[in-house]
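Colleague: The structure under discussion is supplied below as structure tokens; questions concerning it will follow.
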Amino acid sequence: MSRREILPAAAVDWGILVAVLAALATGLVGLVVGSPSGAWVFVLHGVAGLALVPLLVLKLARVAPRLRPGRLTAGRAVSVFLVVVAVATLGTGVAWVHGATVPLSFWRLLNVHILFGLLLAPLAAWHLRSRWRSPSEVARASDRRTALRYGGLLVAGAVTWRLQSAANAVLGGPGRRFTGSREDGSDAGNAFPVTSWVADDPDPVDADDWTLSVRGVVDRSLELGYGGIVPEGSPGPTTERATLDCTSGWYAVHDWRGVRVGDLLDAAGAGEDAAWVQFRSVTGYRWSLPMEEARDALLATHVDEERLSHGHGYPLRLIAPGRRGFQWVKWVESVEVRRSRELGEWVAIFVSGFD
Ligand SMILES: Nc1nc2c(c(=O)[nH]1)N[C@H]1C(S)=C(S)[C@@H](COP(=O)(O)O)O[C@H]1N2
Ligand SMILES: [Mo]
């Protein structure tokens, strides 16, 4: 390590790689985390992102001389683009945390952040392919001072993250959950954001033409009309308070009223080897919950005593407490009891609605 270097070049590059991978992994996993036991995923995401700031500064200071216009090769142009995308990812992430909003009708700032983050991965992989440094190279170039400085960097990332959260709390604004989502429209009946994941936008469903079918691994399939979704002999309609938390960064708490899925499954006689329950929309959008969790879930007709509006899934939508919004299937027309999970639903949530 030369005396003017704060960290050896190889150690900076490895640090960047580790931080990018950690941020990418926690960013992706965070999209499906809905219960507070997973809050650490979001903390790690913030710390990894903040640790990238000083590392990128060190890296840019080192490579800046190579970037003079006369010396720009195609490879270097891609690297410059990579830097731009990395800065955009960090910038949108930090701006979003601090409550910035963008007037991009459909897209929220968080979606823009996710898009930049996803673009970063292939660019970084391309950038790496010719620049691979083995970990032993880093070990040779490092000493105790390097390790200490790295420790310092991580502590700085964690402290900055704490200060940011504290500043956020003091500056006020609508409350944020551990997922980072901001409150929007709680207890306001149907007056909360309508969000579809990608392209789902069906025509309004006519409840007179609609039925709910309960099928699959059951003793008897059921075909229920809108007026008959609460099985006879069951405890009756249930109201439950639950939080809808969308990955585009907002949440709302409501009292949802409807039928307990377990009551439907009892009426149909779910088989012994039934393990999953899949909820399917009229659009083909679908998601499954494990049996025990599905029994506790609700299929709602009402929100805060108002009948669900079309945008919110009339006539029937899934309420899956502790799950992120994209799993709360709207316009549900079938409940299928299954022995295994259908992996195709991971595709369906992206492509349903495209003809
Ligand atoms: N059929 C269907 N259900 C869906 C979606 C969709 O696109 N299609 N979007 C999901 C997403 S991403 C969220 S956050 C919630 C939003 O519910 P809301 O529009 O009532 O706010 O519905 C979920 N259910
Ligand atoms: Mo969502």
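Colleague: Taking the range 199-239, which residues are outside any loop (DSSP other than H, G, I, E, B), of a type in the set (D, E, K, R) and closer than 21 Å to R339 by Cβ?
Modeller: Selection gives R215 alone.
Colleague: With the checklist (1) within 14 Å of ligand 1 (Cβ to nearest atom); (2) over 30 Å from V20 (Cβ atoms); (3) in contact with a Pro (Cβ under 8 Å, 6 or more places away or on another chain) in hand, flag the one item V230 doesn't pass.
Modeller: Exception for V230: condition (1).
Colleague: Now, a different point. Residues to consider are D245, D208; find the one that is among the charged types (D, E, K, R), within 30 Å of A100 (Cβ to Cβ) and modelled with pLDDT of 95 or more.
Modeller: D245
Colleague: If you check S340, S352, which single one turns out to be more than 7 Å from ligand 1 (Cβ to nearest atom) and out of contact with any strand residue (DSSP E or B) (no Cβ under 6 Å at 6 or more places or on another chain)?
Modeller: Sole residue among the options that is more than 7 Å from ligand 1 (Cβ to nearest atom) and out of contact with any strand residue (DSSP E or B) (no Cβ under 6 Å at 6 or more places or on another chain): S340.
Colleague: T243 - would you say it is of a type outside the set (F, W, Y) and in contact with a helix residue (DSSP H, G or I) (Cβ under 8 Å, 6 or more places away or on another chain)?
Modeller: For T243, the condition - of a type outside the set (F, W, Y) and in contact with a helix residue (DSSP H, G or I) (Cβ under 8 Å, 6 or more places away or on another chain) - is not met.
Colleague: May I pose another question? What is the residue count in the range 303-323 for residues that are assigned to a loop (DSSP other than H, G, I, E, B) and surrounded by fewer than 17 Cβ atoms within 10 Å (Cβ to Cβ)?
Modeller: Residues flagged as assigned to a loop (DSSP other than H, G, I, E, B) and surrounded by fewer than 17 Cβ atoms within 10 Å (Cβ to Cβ) within the range 303-323 amount to 2.
Colleague: Only residues that are over 15 Å from F350 (Cα atoms) and either buried (at least 21 other Cβ atoms within 10 Å of the Cβ) or without any contact (Cβ under 8 Å) to a residue 40 or more places away in the chain (or both): list them for the range 273-287, please.
Modeller: Matches in the range 273-287: V277, F279.
Colleague: A further question on this structure: Which residue is nearest to ligand 2 (Cβ to nearest atom), if the candidates are limited to the range 240-250 and must be in a strand (DSSP E or B) and not aliphatic (A, V, I, L, M)?
Modeller: Here the answer is C246.
Here is a yes/no grid of residues against (1) more than 16 Å from ligand 1 (Cβ to nearest atom); (2) without any contact (Cβ under 8 Å) to a residue 40 or more places away in the chain; (3) β-branched (V, I, T); (4) in contact with a Cys (Cβ under 8 Å, 6 or more places away or on another chain):
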residue: L115; (1), (2), (3), (4): no, yes, no, no
residue: L123; (1), (2), (3), (4): yes, no, no, no
residue: L128; (1), (2), (3), (4): yes, no, no, no
residue: P135; (1), (2), (3), (4): yes, no, no, no
residue: S142; (1), (2), (3), (4): yes, no, no, no
residue: A147; (1), (2), (3), (4): yes, yes, no, no
residue: A188; (1), (2), (3), (4): no, no, no, no
residue: P193; (1), (2), (3), (4): no, no, no, yes
residue: W197; (1), (2), (3), (4): no, no, no, no
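Colleague: Same structure again: Hey, does the range 298-305 have a residue that's free of Cβ contacts under 8 Å to residues at least 12 places away in the same chain, closer than 20 Å to G236 by Cβ and within 15 Å of ligand 1 (Cβ to nearest atom)?
Modeller: No, that holds for no residue.
Colleague: For the range 337-355, what are the residues that are exposed (fewer than 11 other Cβ atoms within 10 Å of the Cβ) and either in contact with a Gly (Cβ under 6 Å, 6 or more places away or on another chain) or among the acidic types (D, E) (or both)?
Modeller: D355
Colleague: Now, a different point. Taking the range 231-254, which residues are within 22 Å of A268 (Cα to Cα) and buried (at least 19 other Cβ atoms within 10 Å of the Cβ)?
Modeller: Once the filter is applied, which keeps residues that are within 22 Å of A268 (Cα to Cα) and buried (at least 19 other Cβ atoms within 10 Å of the Cβ), the range 231-254 yields only P231.
Colleague: Also, I was wondering about something else. Yes or no: the range 81-104 includes at least one residue that is buried (at least 20 other Cβ atoms within 10 Å of the Cβ), at pLDDT below 90 and out of contact with any strand residue (DSSP E or B) (no Cβ under 7 Å at 6 or more places or on another chain).
Modeller: Yes, because at least one residue in the range 81-104 is buried (at least 20 other Cβ atoms within 10 Å of the Cβ), at pLDDT below 90 and out of contact with any strand residue (DSSP E or B) (no Cβ under 7 Å at 6 or more places or on another chain).
The values are calculated or read from the model by the stated rules, or taken from the named source; none is laboratory data. These numbers were taken from a predicted model, which means no experiment stands behind them. Cβ: placed from backbone, ideal geometry, glycine included. Neighbour counts: every protein chain shown.
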